[in-house]
Structure formats: C-alpha cells, structure tokens
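Here is the structure we will look at, set down as structure tokens.
The numbers here are math on the coordinates, done by the rules we state, and not lab data. As the structure is a computational prediction, the values presented were derived from the model and not from experiment. Neighbour counts are summed over all protein chains in view; Cβ atoms, including those assigned to glycine, are modelled from backbone coordinates with ideal geometry.
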Amino acid sequence: MLTNAAVKAARPRAAAYKIFDERGLHLYVAPNGRKSLRMKFRFEGREKLLTIGTWPEVSLVDARARCEQAHEQLGRGVDPSSKSAAAAAVQICTFETIGRRWHAHMLQRWTPAHATDVLASLKRDIFPAIGTMPICAITTPVVLAALRAIEARGRLETAKRVRQRISGVFMFAMAEDLVQQDPAGILGRALMPPPPKRHQPALLVLEDAQELLASAELTSAAPVIKLASRFLALTAVRLAAVRGARWEEIEDLDGSAPAWRVPAARMKLAAAKKLDAGNDHVVPLSRQAVQLLLEARELGHGAGLIFPGGDYAAPIGEAAIGDLYKRAGFAGRHVPHGWRATFATIMNEAGAFDPTLIDRALAHAPKDKVAAAYDRSEQLQRRRALFQEWSDRLVGVAP
C-alpha cells in the first residue's frame, strides 16, 4: 500500500511510472515530477482511468475516499469518470476539505507563523459555520452571514482577513474545477470598514517599561510566553519574528559573539527581497538575551521553535503576549509591537547612539544608501553595544 512517506519520496524518472495502492488506486509520477492520484477500473468490459487529482493538493486520504465512492458508483452501474458521476463527487467536497487542501498547497509560500494563523482563523470562525457544507452549495449570503458573526464580536480587521482567506479557498476550488465562481470575492465593500488606524500604544518611559516586565512575570501564564515577552522586549523585533524564531537561527550562543539571524523570508520585505539571504536581519544578542535563551533551552525547547505552543508543532498564539500584558494591567497602554517604539524612543533620548544606528537596528530600510554600504562588521559591533546598553537599562546589568 501507498504511504504518505512513499508518495513524498517518489522521484521523477526518465519514463513515467506508477506506484499502486489498492483497488486500482495508484500514484502516477510523470517525468516532469508532477504526481497525480489515479484509479484504474473496468466498466462495461473496458479498462478506464479516473484521475482524482494532483498531490499534495489531493491527499492520500482524500484519494482513498474518492476511490471508495467510485467503487460504490460502479456497483450501481455508474461510470465514475462520467460527468454526472464527477458532479456527484463534487457534492461531497465540503468547504473544510477544500480549505485544508488550499492551506496545504500554500504552505511553501507562507511563514510557519502565518500558516498557523490562517488555519486557526478558519477553524475558529469559518469551519464551524460552513465547513460541512458542499463547497459548490455555498452562496454569497451564506459567506456574508459567517463574516457578520465575526464583525458582531467587534473584530472588523479579522473579518476582512478571513474574507480574503475564504476567497483564496474558492479561487483554489475554481482552479480544480470544483466551483464556477467565488462568492466571497464581491463582499469586500459589504463589510464594515475598520476604524481609522491609530498608533499602537507603547510605553515611552523606561520606568513604565520595567514595571510592565515585572508585572508580567507575576502574572499567571505559561513560562514560554513570559520568555517570549522578554525576548521580544530585549530584541525589539516584530512579534511574528519572535513567534517563528527557531534554534537553528541562533548563532554562537555559547561563544563570544552570539547573534540571532532572522531569515529574510520571515522579514517584512518585498517578495523578491525575501529570497535573498543578504537581506537577513542580524540581531546581536545581549548577555541578558543569551541568558534567556539558556533558560528556554533548559525548559526542553532545544530544537525547532524556540517559543512553541502547547503541541510544540506551532508557535505560541498570536494574541498570547498581548493577553499577558492585559492581565498584567497594561491594557490600552502597551501592545507587543510597542516594544519597537519603546526601544527607539528611550535609546534616542539617551543620546549615546547615532539615530541612524537605532533605525537600522529595527531593520528599517536605510534612507542613505551610501551610508548603508559601510563595513557590516562595524555595524554589527555598534549594534551589539546598542542592544547591550538597552538590555542593561531595561532589565538591569547582567553579570
């Protein structure tokens, strides 16, 4: 029988070949590497072929389910490769089934943190509402009703993002010839507009920032969330970077020049720049940040994600650190992204470092391209001094 590992490991050859499962189901591997799941059967004395779909868009589990359905159709004297039988098969393609196929198809284009957020939003807000419905039976009013329920909770931005994700599922289904249109595509203007964007709240006084970290440590929360909060504060990176941080990105942790190399693919950059490792963002790690990572390693987080969620396969939740700050009594005063403003404001006011250096430490694109071209090693040493000074001010001088 076929296994997921065998399907994944199948490599193209000079000539196409097949790997059989059972009951006529098999994997067809073309010379160009395209893998499709097919079923060989006989109907009215003739050998015929049913192409179920390409892998990994169609999983092995889904292919077996379609194979079982095809045998049931054969038992009723129906050719499973006929248009009428295919239409019947479409009817059992639920929104959740196709949504998960779309998610699997997009994984290589997304960061792990974003992929987790996308699936979590569908599981929370959409699958319970329309997940069991045949995707071809879902209409625009049905989608709108699901989105209105999100709006009713005051989550206007979430409703906007979820609509885009539903539309992505339908566009994927259209490409697979499962539906004829995207009922979510015209709903952008039907949703409530989000309120005007305001600056995210941030503490701009050192004593307030120190109080927040101290209060967060006394709040009931998983140790990994508290560690992630402190690491976010010490490095002043974006929240997504910390959530997706992996141990293989940490360099020289036990040496004299520890650093965190955030891959360009996980940075807030144009798509083309994400492909260039030269755009990696290097964060020199202060002694306090190193000590924090050693604590994380002692907790058993020594491989994969540095700050994993409960199942260790996905990062901590997108709202975990923000919820920690709310429970610590800082709701409306500071959000996780606010640490970037806190760092920039306090270190600029201190006056000991060039504002351009502080800006570059935040991974902002340089305004002066010539100035940005000076020796990178010199930049790194100056940034190391900057982050050490920031850490000493924020959490106290490390031994």
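Structure notes:
- Computed from the C-beta positions of residue 175 and residue 153 and an R0 of 25 Å, the FRET efficiency is 0.20 to the nearest 0.05.
- Distant-in-sequence amide contacts of residue 23, defined by a placed amide H-H separation under 5 Å and a gap of 5 or more residues or a different chain, comprise nothing.
- Estimated FRET transfer efficiency when R0 is 41 angstrom, pair residue 379-residue 124 (beta carbons, to 0.05): 0.45
- Using C-alpha pairs below 8 Å separated by at least 6 residues, the relative contact order for the chain is 12 percent.
- Other-chain or far-sequence residues with amide H under 5 Å of residue 48's (modelled H): 41, 42, 43
- Relative contact order [Cα under 8 Å, 6+ residues apart], the range 206-395, whole percent: 28
- Nonlocal amide H pairs with residue 246, under 5 Å, H built at 1.01 Å: 306
- The order of 347, 106, going from fewest to most other C-beta atoms within 10 Å of their C-beta, is 106, 347.
- A simple rule links phi to the HN-Hα coupling: the Karplus curve 6.51 cos²θ - 1.76 cosθ + 1.60 with θ = phi - 60°, which for the range 183-189 gives x, 8, x, 9, 8, x, 7 Hz, with x for Gly and Pro.
- Taking 0.36 nm per residue of separation and subtracting the Cα-Cα distance, full extension of the segment from residue 61 to residue 78 would add 3.8 nm.
- Mean separation of Cα pairs under 8 Å and 6 or more residues apart, divided by the residue count, gives the range 90-160 a relative contact order of 40 percent.
- Taking a straight line from the alpha carbon of residue 326, these aspartates and glutamates sit under 16 Å away, with near neighbours fewer than eight places off in the same chain left out: 208, 211, 217, 318.
- Think of each Lys and Arg Cβ as +1 and each Asp and Glu Cβ as -1; about the Cα centre, that makes the dipole of the chain roughly 1240 debye.
- The ranking of 132, 97, 342 by Cβ neighbour count inside 10 Å, starting from the fewest, reads 132, 97, 342.
- Taking a Cβ cut-off of under 10 Å around residue 221, the surrounding Lys, Arg, Asp and Glu residues balance to a net charge of 0, with basic ones at +1 and acidic ones at -1.
- Over the Cα atoms of the range 47-158, the radius of gyration divided by the Kirkwood radius equals 1.06; this is the Rg/Rh ratio.
- When the Cα convex hull of the chain is projected onto planes of every orientation, the mean area is 24.9 nm².
- Listed pairs 18/83; 8/226; 35/123; 48/123; 40/83; 35/160 exceeding 27 Å between Cα atoms: 8/226; 35/123; 48/123; 35/160
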